[in-house]
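Visitor: Take this structure, written in C-alpha cells, and hold onto it; I'll ask about it next.
The values are calculated or read from the model by the stated rules, or taken from the named source; none is laboratory data. From a predicted model like this one, the values you see are computed outputs, not experimental measurements. Methodologically, a virtual Cβ is constructed for each residue, glycine included, from the backbone with ideal geometry; neighbour enumeration extends over all protein chains shown.
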Amino acid sequence: MIIPLLRLKMKKRIFITATNTDIGKTYATSLLLEEFASQGLRVGVFKPIETGVETIPLDGKKLFDIACRLNPELRCLSLKTIVPYQFRLPAAPLVAKQNHKINIEFLEHKLQEIEKHCDVVFIEGAGGLLVPVEEGLFMVDFISIFKASTLLVCPSRLGSINDSLLSRYLLEDKDIPYVWAINLFEDKDSFAEVTAPFYQDGFLTLQENIKEIANKL
C-alpha cells in the first residue's frame, strides 16, 4: 500500500477561523475533511471551545460525525475530547465560561489524543479572530499556541470587504501565514457585481476552489 506523502511527515494542524460568527467555519471544515480524506489521509477535528451548548455541542458533533465516517479510528474518542470546553451561554468564551479557567495545557493534551489517530487535524475556532477567551488571550492566539496553518473564511455579503480586510490585516500584523477564501452563500447573486471587482481575480471560494485551498494549506 502506498502511504500518502503527508503521512510521512509531522502531524499537520489546520486552524479554521472566520471574520465573525456564522460565516461558515463549520461548512469549510466539513469540505476540507472530505477533501483531505479523499487524498488518503486520516482526518480529525478539534473544537477547543463551543458556546451556546444546551445539551450537546452541535457544530462539534456535526464535524465529529463526519470525521468518524471518514476515519473510523476516531470512534474510540468521546465528543468531550473533541469539544473539551462547552458552555451554555451563547457568548464569547471570556463571558460564557464565567468562573471557569481555559487551560491551554489541557487543550494541547486533548489535541494530542486526537492526533494519535490522525495525519491532519482541523481545529475550528469560535467566532472571529479577536473573540476574547481569557484576559489578554484571544482566539487568534490559538494559531501560534497550536502551531497550526490557517484558513480565514470570509463572507460574500455587502460589507464583506471591510470585514475581510480587518481580519487579514490582523493576521499579517502578527506575521501569521494564512490562506483566505470566500464562502459564497450570502448576496451571491450580486457578489460578482458588488464585491468581486475589488478582489479582482485573486480570490478563492469554498464552493469552487476547495482542492486549491487544500493544496495551499
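Visitor: Restricting to region 74-126, give me the number of residues that are aliphatic (A, V, I, L, M) and part of a helix (DSSP H, G or I). So that I can check it myself, show each step before the final result.
Guide: Quick first cut of region 74-126, residues aliphatic (A, V, I, L, M) only: 74, 77, 79, 82-83, 89, 91-92, 94-96, 102, 104, 107, 111, 114, 120-121, 123, 126.
Within this subset, residues satisfying the condition of being part of a helix (DSSP H, G or I) are 74, 79, 82, 94-96, 104, 107, 111, 114.
Number satisfying all stated conditions: 10.
Visitor: In addition: For a quick check of your reading of the model, give me the residue pairs whose first member lies in region 54-73 and is in a helix (DSSP H, G or I), whose second is loosely packed, with under 14 Cβ neighbours inside 10 Å, with beta-carbon atoms closer than 7 Å and at least 6 apart or on different chains.
Guide: Within 7 Å, the pairs are 68/75.
Visitor: Check every one of the helices (runs of 4 or more DSSP H) wholly within region 178-217 and list those with 3 or more residues that are farther than 18 Å from residue 35 by Cα and either over 22 Å from the mean Cα position of the chain (by Cα) or not aromatic (Phe, Trp, Tyr) (or both). Reasoning before the result, please.
Guide: Numbers: elements: 188-194, 196-199, 210-216.
Passing ranges, in order: 188-194, 196-199.
Visitor: Filter region 126-137 down to the residues that are surrounded by fewer than 19 Cβ atoms within 10 Å (Cβ to Cβ) and within 15 Å of the chain's Cα centre (by Cα) and list them by number. Can you show your working first?
Guide: Applying the first criterion (surrounded by fewer than 19 Cβ atoms within 10 Å (Cβ to Cβ)) to region 126-137 yields 130, 132, 134-137.
Once the filter is applied, which keeps residues that are surrounded by fewer than 19 Cβ atoms within 10 Å (Cβ to Cβ) and within 15 Å of the chain's Cα centre (by Cα), region 126-137 yields only 130.
Visitor: With the structure loaded, tell me whether residue 183 is over 24 Å from residue 77 (Cα atoms) and either of a type in the set (Lys, Arg) or at pLDDT below 95 (or both) or whether it fails that test. Working first, answer last.
Guide: Numbers: over 24 Å from residue 77 (Cα atoms): yes; either of a type in the set (Lys, Arg) or at pLDDT below 95 (or both): no.
No, not satisfied.
Visitor: While we're on this one: Going through region 21-52 one residue at a time, which ones are surrounded by fewer than 19 Cβ atoms within 10 Å (Cβ to Cβ) and within 19 Å of residue 96 (Cα to Cα)?
Guide: Within region 21-52, 21, 22, 52 meet the criteria.
Visitor: Continuing with the same structure: Let me confirm something: among 203, 142, 106, which residue is at pLDDT 95 or above, among the aromatic types (Phe, Trp, Tyr) and surrounded by 15 or more Cβ atoms within 10 Å (Cβ to Cβ)?
Guide: On the way: 203 fails: at pLDDT 95 or above; 106 fails: surrounded by 15 or more Cβ atoms within 10 Å (Cβ to Cβ).
142 is the lone residue from the list that is at pLDDT 95 or above, among the aromatic types (Phe, Trp, Tyr) and surrounded by 15 or more Cβ atoms within 10 Å (Cβ to Cβ).
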